[in-house]
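Taking it in order: structure first as structure tokens, then the write-up.
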Amino acid sequence: MRILMTNICLTGRTGTELVTVECALRLVAGGDTVAVYTPEKGATAGMLLPRGVMVTDRIRDLDGFAPDLLHGHHNTPFLVARAAFPDVPATWSCHDFRSVWDRPPPAHTAQVFVAHSTETAQRLRIEGGVAEARIRMLPNAADLAACSPPAVPPTPRSALLVGKGGAPGAFPALAEALIARGWQVTSVGRGLGETVSNLPDLMAAHAVVVSSGRAALEALGAGCAVVCADARGLAGLVTTENFHALRRRNFGGATLLRPLDPALVLAEIDAIDAGDQAALRALAVPEIGLDLYMERLRAIHAEAIALAGQPSPGDAMRGAETMEAMLASPRPGGFGPTHVARLREEHAARLARVEGEAARLALRLRLATLKPGERLRIAEWRRGPGAALLGAGWARGDGGRVAIAGRAQLDLSEAMAQRRIARIVLHLACAAPAPEGAVIEVLDGARVIATVPAQGLQVVVDLDTRLITAEGAKAFALCPRGETAGWALAEAELVPEAPPPRG
């Protein structure tokens with residue numbers, strides 16, 4: 001079978017990236033042909049390429065792939081693949097109950113939807129409008145072949161703290177508290193330390209692991225006592241009593257209901273019972289293995305293929321509204337962090353160009369429609385004609401106010417292209433009275449055109465534009481001198497030249 005998988009990125013070692021790698025390799029080992037489409041490929045993609053899995057960040061590269069099944073993670077890459085292969089049966093997996101990347105696509109886009117926790121199943125129903133009959137539960141798994149207990153037990157008072165999400169939270173304080181008790185402490189993962197590729201081996205070398213999600217499963221497989229926690233909060237010590245409840249919620253954010261207080265974590269560690277931990281491993285290992293996970297996943301794939309041509313029933317409009325909200329968001333779902341940053345930059349640049357062009361057009365229009373003897377008064381600087389006059393060196397504040405921040409540039413080129421300007425009058429205001437001797441210098445490069453003394457709380461710069469244009473310039477700068485700051489531009493007046501008298 002030819003299977004096309006999608007994932008938001010393959011650059012690091014997040015949960016969905018590792019799930020993608022493990023599933024792809026297991027499917028290939030079982031005789032399937034697998035390709036992965038991801039908007040952002042990196043080091044993790046390199047784990048797949050030598051093993052016969054095609055990885056691409058351009059959908060056009062898959063033109064001749066002809067998949068029998070789409071296996072989707074994350075919304076936008078899945079919808080790109082769905083647009084390329086509209087008639088292929090599909091499954092879509094919801095891994096997170098908060099992430100924008102896991103906003104469900106419309107219910108008609110897949111035959112079967114996979115939930116990895118109680119909360120993600122609820123998200124599929126409520127946010128995605130997916131019918132209950134097409135949702136399958138498939139909790140995450142651990143590769144037990146890579147997560148086996150060591151032959152020699154680790155040092156009893158040794159703890160591994162595994163960071164997640166980039167924020168350290170109270171983990172540094174927890175490490176200090178453990179060290180003060182005489183524990184050996186290792187910190188790894190985003191926000192805490194190095195991101196490692198041999199996490200299961202590192203876990204097996206410690207008696208206690210503090211982590212959440214998939215890493216908690218791996219730690220159980222490695223024979224460690226596990227305190228389910230991360231920077232977001234604390235669930236507690238994993239025991240035979242709470243294992244199934246935590247498992248249903250994927251050992252994830254929905255279980256972290258208490259604060260990550262070092263005192264609370266130490267109390268959980270103090271509660272470790274060797275007998276219960278042995279019983280927990282006997283209970284957990286048969287359920288959390290990757291072999292069982294792949295068996296269930298293949299059954300879900302077969303079900304989706306059997307339902308080919310039968311889109312998932314549900315509230316299509318609700319799913320469409322979800323996608324509408326995602327696409328309208330300043331953080332569009334379906335793109336990795338690098339893509340989001342690039343999209344923000346491109347959007348900001350496009351918006352600046354559009355706003356600049358609109359300001360220039362507004363300035364020209366206002367000048368073109370002035371009546372004889374009329375001045376153009378400008379007191380709005382955020383948009384409109386005023387924005388077309390401002391260059392670098394202005395600090396923008398609340399209410400559209402602008403203040404001098406260094407050498408504040410004013411550009412008359414657009415105004416002069418529309419109409420001859422005889423004078424420009426600038427009204428500057430200061431929050432506190434200017435000290436004696438304070439002045440505003442008007443500069444053309446290094447050349448001082450004019451020096452205007454401050455008068456209490458204001459300065460009026462009345463400038464003959466011939467002083468600016470004498471050497472071909474069409475812009476100038478304002479630079480305060482003296483111990484004063486906070487000069488704001490309250491108003492500008494552009495005074496056109498009087499039309500020549502008619503002969």
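Please treat every number below as a calculation from the coordinates, not as lab data. Only a predicted model underlies this, so the values are computations on that prediction, with no experimental measurement involved. Virtual Cβ from ideal backbone geometry, glycine too; neighbours counted across all protein chains shown.
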Item checked: Partners for Lys371 among lysines (Cα-Cα distance below 25 Å; same-chain residues under 8 apart left out) -> Lys474
Check: How much length is gained on full extension from Met1 to Cys479, taking 0.36 nm per residue of separation minus their Cα-Cα distance?
Finding: 165.0 nm
Check: Tell me, how many Å apart are the Cα centres for segment 1-44 and for segment 158-206?
Finding: 28
Next item on the list: For segment 438-463 and segment 236-305, write down the distance between their C-alpha centroids in whole Å.
Entry: 71
Next item on the list: Can you run the Rg to Rh ratio on segment 351-496? Use alpha carbon positions and the Kirkwood inverse-distance Rh.
Entry: 0.95
Next item on the list: Take the Cα atoms of segment 144-296, build their convex hull, and give its volume per residue in Å³.
Entry: 106
Margin query: Against the 2.2 N^0.38 Å scaling, with N counting residues, where does segment 381-446 land? I'd like the Cα-based Rg ratio to two decimal places.
Written below: 1.25
Check: Between Pro86, Gly289, Gly236, whose Cα lies farthest towards the positive end of the dipole of the chain when Lys and Arg beta carbons carry +1 and Asp and Glu beta carbons carry -1, centred on the Cα centre?
Finding: Pro86
Checklist line | Set of lysines with alpha-carbon distance to Lys41 below 26 Å, sequence-local pairs under 8 removed | finding: Lys164
Item checked: Cβ-derived FRET efficiency at R0 35 Å, Arg248 paired with Val28, nearest 0.05 -> 0.70
Check: In nanometres, what is the gap between the two model label sites at Ala470 and Arg13, each 7 Å from Cα along Cα-to-Cβ?
Finding: 6.9
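At a threshold of 8 angstrom on Cα-Cα distance, excluding pairs fewer than six apart, so keeping six or more, what relative contact order does the chain reach in percent?
Worked out over the chain, it gives 12 percent.
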Item checked: Per-peptide average of other Cβ atoms within 10 Å, ordering 285-297, 71-83, 211-223 highest first -> 211-223, 71-83, 285-297
Margin query: What distance in nm lies between label points placed 7 Å from Cα along the C-beta direction at Glu357 and Ala498?
Written below: 4.0
Notebook entry, point to check: So in the chain, what percent of DSSP beta bridges are antiparallel if you round to the nearest 5?
Noted result: 55
Check: Could you give the angle, 0 to 90 degrees to the nearest 10, between helix 337-368's Cα long axis and the longest principal axis of the Cα atoms of the chain?
Finding: 20
Item checked: Residue-span extension gain [Ser148 to Asp291] - 0.36 nm each, minus C-alpha spacing -> 50.0 nm
Next item on the list: Compute the whole-percent fraction of alpha carbon pairs in the chain spaced more than 38 Å apart.
Entry: 49
Note to self: If packing is taken as the average count of other Cβ atoms within 10 Å, what order do 27-39, 434-446 fall into, highest mean first?
What the structure shows: 27-39, 434-446
Notebook entry, point to check: When the Karplus curve 6.51 cos²θ - 1.76 cosθ + 1.60 is applied with θ = phi - 60°, which whole-Hz ³J(HN,Hα) does each residue of segment 372-378 get, with x for Gly and Pro?
Noted result: x, x, 8, 9, 9, 9, 10
Next item on the list: Compute the length gained on full extension between Gln455 and Thr155: take 0.36 nm times their separation in residues and subtract their Cα-Cα distance, giving the result in nm to one decimal.
Entry: 100.4 nm
Item checked: Approximate spin-label separation Leu49-Arg98, in nm, with each point projected 7 Å along Cα-to-Cβ -> 3.5
Check: If one takes the longest principal axis of the Cα atoms in the chain, at what angle in degrees, from 0 to 90 and to the nearest 10, does the Cα axis of helix 274-288 lie?
Finding: 80
Checklist line | Sequence of Val354, Val460, Val130 once ranked by neighbouring C-beta atoms within 10 Å, starting from the fewest | finding: Val354, Val460, Val130
Checklist line | Set of segment 118-140 residues, backbone N closer than 14 Å to the point 7 Å along the Cα-Cβ line of Ala299 | finding: 136-139
Check: What number, in percent, do you get for the relative contact order of segment 1-73 if the mean sequence gap of Cα pairs under 8 Å and at least 6 apart is divided by its residue count?
Finding: 45
Item checked: In degrees, nearest ten, helix 290-306 long axis to first principal axis of the chain (Cα) -> 70
Check: For His427, His301, what's the fewest-to-most ordering of other Cβ within 10 Å of each Cβ?
Finding: His427, His301
